[in-house]
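The values are calculated or read from the model by the stated rules, or taken from the named source; none is laboratory data. All values reported here derive from a predicted model rather than from experimental measurement. Every residue, glycine among them, receives a Cβ derived from its backbone with ideal geometry; neighbour counts consider all protein chains shown. All accessible areas refer to the heavy atoms of the entire protein, side chains included, with ligands and DNA or RNA removed. Shrake-Rupley method; radii C 1.70, N 1.55, O 1.52, S 1.80 Å.
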Amino acid sequence: MLGVDGYLGWATALHLSQAGHDVVGIDSLVRRRWDRECGTQSLIPIKAMPKRVSLWNQLTGRTIGWRQMDLRDARAVTELVQEVQPDALIHFAEQRSAPFSMIDLQHAALTQVNNLLGTLNLLFALRDYAPRAHLIKLGTMGEYGTPNIDIEEGFLTITHNGRQDRLPFPMQPGSFYHLSKLHDSHNIQFACRILGLRATDLHQGVVYGNHTDEVALHPGLATRFDYDAIWGTVLNRFCIQGALGLPLTVYGKGGQTRGFLDIRDTVACVRLALEHPAAEGEYRVFNQFTEQFSVKALAEKVRAARAVHGLDTNIVHLANPRVEREEHYYNAKHQKLLDLGLRPHYLGDTLIESVIETVERNASRVDPVELEQPNVDWRRGGTAGWGKAAAESAAEAEPQPVLVLSSSRRRRRPSP
């Protein structure tokens, strides 16, 4: 399990361990360092990895092996694969934020190098020491962009000048992060075709929620809850704003439509891919989401859930910091995981209310600065507020740059 310390990696590791799979968890812990650099933190406190795996063992008797390792270290990756001889590798170990990748050249390059080099190291280690292992790689629906045609699952049959072929679906990524995921997809597909490896590329939608059966066993098993402008997702932001009585901030017109899924469905999809592996030399793509919503529709859902309790919620539209179509056609296929037996959990008022209740229990940890104007612009990078705050931070503390803030005033750190 590569990227075991992350939001999805930790929940997936617990789910697979509970299902009887032997899990070895790998992570460099760089995500925690990026939190310190960005001045961000999970709404829900999360334990250090040694405490997490120890608690899991105490509660269940199951063991998750834990190793701190950087996938950019080719020798370490090779030695890991050679030693463990895995049946499968689940690869979540990448920089996953589009805004982070758009701050400046440094962050665009970091994203590309971190994500591509780690995956290349893994592919060559598999070629040499575990060629029959099944690589399950977390991709993103953002690789596709928003074409004016139906989005198929990875491939499209094209007829051109009287001839026909099945080719990779044309992609239109929307950030340097999404580009890195697309480059990964190309590299993995190439490795399957040329080296005979087997891989499943999970083009995942936006995930919401924090509770799985395994995470719910104990507060110390909690996974992350990100809500800020760098790491957070739109539904998390709306739920935070709704819980605090703040307006819901929609970027642009709000017609941007994406695929969404519950975290319980994420872990179920990974397990289905694991237990139904790709064939030797096969590269396959599963579009991993259960429902499609526009940003505006999500805001309306949160407002309706609050209205049931007699609470008024306003929706405001901000200038969109991203370069994207704000009104567009969107119809993505997502049948393959359903065919394997996925039973989806659909978004409803009850789930939204449970997320808001989680927010209310941890309200003292909310940093209101992170709910203000977005702090990375696709055209200009980190905003002027970010630059000034970074300079202030450097003057006050050790030389650790604060990369992203949403206000030029000094930020109030939430209570621990």
Subject >> GNM top mover of Ser364, Ser28, Ser185 - the chain, alpha-carbon springs below 10 Å >> reply: Ser364
Original post:
Amide H to amide H under 5 Å from Asp377: which residues, 5+ apart in sequence or cross-chain, H placed 1.01 Å off N in plane?
Top reply: Gly382, Thr383
Original post:
Taking the chain as a Gaussian network, where each spring joins two C-alpha atoms under 10 Å apart, which residue of Leu167, Leu135, Leu351 fluctuates the most?
Top reply: Leu167
Subject >> Cut-off under 5 Å, modelled amide H: who pairs with Trp66 long-range >> reply: Gly25
Original post:
Highest mean first, what order results for 284-295, 119-130 on Cβ atoms within 10 Å?
Top reply: 284-295, 119-130
Original post:
Comparing His328, His178, His309, which has the greatest mean-square fluctuation in the GNM of the chain with Cα pairs linked when under 10 Å apart?
Top reply: His309
Original post:
Taking a probe of 1.4 angstrom, what is the accessible area of Arg322 in Å², to the nearest 10?
Top reply: 80
Original post:
Which of the aspartates and glutamates could a cross-linker span from Lys51 if the Cα-Cα distance has to be under 18 Å and same-chain partners fewer than 8 positions apart are dropped?
Top reply: Asp5, Asp27, Glu214
**OP:** Only bridges with both residues in the chain count here: give the DSSP antiparallel percent, nearest 5.
**Re:** 25
Subject >> Label point 7 Å beyond Cα of Asp22 along Cβ direction - residues of segment 197-223 with amide nitrogen under 14 Å >> reply: none
**OP:** Measure off, as a whole percent, the carbon and sulfur share of the 1.4 Å-probe accessible area of the chain, all protein chains present.
**Re:** 51
Original post:
With the Cα gyration tensor of segment 1-126 giving a ≥ b ≥ c as the square roots of its eigenvalues, does the rule (a/c under 1.5 for rounded; else a/b larger than b/c for prolate; else oblate) give rounded, prolate or oblate?
Top reply: oblate
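Which helices, taking whole DSSP H runs in the chain, have alpha carbons extending 20 angstrom or more along the helix axis plus mean Kyte-Doolittle at least 0.0?
Values: long enough: 105-129 (35 Å, 0.44); 176-195 (27 Å, -0.06).
In the chain, the long hydrophobic H runs are 105-129.
Using heavy-atom solvent-accessible surface (probe 1.4 Å) with all chains present, what is the largest-first order of Thr159, Thr111? All intermediate terms of the calculation are to be shown ahead of the outcome.
On the way: Thr159 95, Thr111 0 Å².
So, going from the largest accessible area down, we get Thr159, Thr111.
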**OP:** On a C-alpha basis, how far is the centre of segment 178-215 from the centre of segment 146-171 in Å? Whole number, if you could?
**Re:** 20
Original post:
Rolling a 1.4 angstrom probe over the protein heavy atoms, how many square angstrom per residue are accessible across segment 88-187?
Top reply: 42
Subject >> For Leu248, distant residues with modelled amide H under 5 Å away >> reply: Asn314, Ile315, Val316
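Percent relative contact order of the chain, based on C-alpha pairs within less than 8 angstrom and at least six residues apart? Don't skip to the answer; put the middle values down first.
Values: 812 pairs, mean separation 77.8, N = 416.
The normalised contact order for the chain reaches 19 percent.
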Subject >> Partner lysines for Lys301 [C-alpha distance under 29 Å; skip if fewer than 8 residues away on the same chain] >> reply: Lys253, Lys333, Lys336
Subject >> Heavy atoms of Arg72: accessible area, 1.4 Å probe, square angstrom to 10 >> reply: 110
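Could you sort Asp150, Asp339 by their accessible area in this structure, using a 1.4 Å probe and putting the largest first? Display every interim value, and only then the final one.
Working: Asp150 50, Asp339 110 Å².
These residues rank, largest area first, as Asp339, Asp150.
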